[in-house]
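Report on the structure given below.
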Amino acid sequence: MHPLWRNLLDLIYPPRCQVCRGFSEFPLCPDCRENIVFIERPICIRCGAPLDPGTKGPEECRECRERKRSYVDRFRGAGIYEGVLQKAVLNFKFDGRRSLARPLAELLAGVIESGLTGEAAFDFVCPVPLHPQRLKERGFNQSELLAKYFCEKTGSELRRGILVRTRPTIPQVMLPAGKRRTNVRGAFALGDGAEVKDARVLLIDDVYTTGATLQECARMLKKGGASAVSVLTVALPKPKWMTAEPASGA
């Protein structure tokens, strides 16, 4: 669009933050960004969840210590899925506010820049695919948009079509945690001509909840010969210790 028309539109319809709707030249205004609860050390070395800084013990959360098997070598997230960040993800994903893709992807890049990923390296980035039916309904794949801008920011290689969705599934958000794994079992496959043997793959998605979808994607990548699969998401769920009621005094 010609800058003259853009300036005229901005005059008639001033740009707004796509979260709080306040006037802002940024899709995610500075005030909203400041209210995001970012994940900082100490974190679980496997799932990336914040660990209670007041406790001493292993660098793994209880859930990871009790988990029998994981196809994902490590998860990392930019922030906690609550408040501003939750609203931003929901507005982006379900309300079609695509302008949020870039600032959310910048949060992902910030995880790499902060060193929270440790020594984990990757050869290329792979977005979680949508089934063609869901893609037609939504009009875009939120994971692919995040991956695109993440790669632009970090200079990483984006490979589309590595994974494909082979069948439609019930949206995970509509299912209890216990049924999410069976819902996505066998719902992914390697794309035609996809080569992942000995590759270190970084999967990108918007939110990690139970991890069922990401585990199934990683399972297929490992089945195809990938040597390591890491996951990077915009948000992780709030750990239980953050929501626990403080003990009452005697």
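Worth pointing out:
- Inspection of region 40-59 finds no residue satisfying the criterion of being closer than 22 Å to residue 147 by Cβ and hydroxyl-bearing (Ser, Thr, Tyr).
- Flag if residue 100 is of a type outside the set (Phe, Trp, Tyr), in a helix (DSSP H, G or I) and free of Cβ contacts under 8 Å to residues at least 60 places away in the same chain: no
- Taking the listed residues 47, 64, the one that is within 27 Å of residue 115 (Cβ to Cβ), open to solvent by less than 70 Å² (accessible area, probe 1.4 Å) and assigned to a loop (DSSP other than H, G, I, E, B) is 47, with no other qualifying.
- Matching residues in region 41-51 - criterion: being among the charged types (D, E, K, R) and touching a residue at least 40 places away in the same chain (Cβ under 8 Å): 41
- Scanning region 46-57 for any residue that is more than 15 Å from residue 214 (Cβ to Cβ), touching a helix residue (DSSP H, G or I) at 6+ places or on another chain (Cβ under 6 Å) and not hydroxyl-bearing (Ser, Thr, Tyr) turns up at least one such residue.
- Scanning region 157-180 for residues that are of a type outside the set (D, E, K, R), in a loop (DSSP other than H, G, I, E, B) and in contact with an Asp or Glu (Cβ under 9 Å, 6 or more places away or on another chain) yields 161, 162.
- Flag if residue 41 is open to solvent by less than 100 Å² (accessible area, probe 1.4 Å), among the basic types (Lys, Arg) and either part of a loop (DSSP other than H, G, I, E, B) or at pLDDT 95 or above (or both): no
- Applying the condition of being within 19 Å of residue 184 (Cβ to Cβ) and free of Cβ contacts under 8 Å to residues at least 12 places away in the same chain to region 103-155 and asking which residue is farthest from the chain's Cα centre (by Cα) yields 137.
- Taken over region 181-240, the criterion of being among the aromatic types (Phe, Trp, Tyr) and assigned to a strand (DSSP E or B) is satisfied by 188 alone.
- Residue match in region 45-55 (condition: among the charged types (D, E, K, R) and more than 17 Å from the chain's Cα centre (by Cα)): yes
- Residue in region 113-126 that is in contact with a Ser or Thr (Cβ under 8 Å, 6 or more places away or on another chain), open to solvent by 50 Å² or more (accessible area, probe 1.4 Å) and either among the aliphatic types (A, V, I, L, M) or not in a helix (DSSP H, G or I) (or both) present: yes
- Residue match in region 145-163 (condition: open to solvent by 60 Å² or more (accessible area, probe 1.4 Å), modelled with pLDDT of 90 or more, in contact with a His (Cβ under 9 Å, 6 or more places away or on another chain) and not basic (Lys, Arg)): no
- Restricting region 207-250 to residues that are open to solvent by 30 Å² or more (accessible area, probe 1.4 Å) and of a type in the set (Val, Ile, Thr), the residue that is modelled with the lowest pLDDT is 243.
The values are calculated or read from the model by the stated rules, or taken from the named source; none is laboratory data. What you are looking at is a predicted structure, and each value in this text was computed from that prediction instead of being measured. A quick note on method: Cβ atoms are made from the backbone with ideal geometry, for glycine too, and the neighbour counts reach across all protein chains shown. The accessibility values were calculated without ligands, DNA or RNA, using every heavy atom of the protein model including side chains. Shrake-Rupley method; radii C 1.70, N 1.55, O 1.52, S 1.80 Å.
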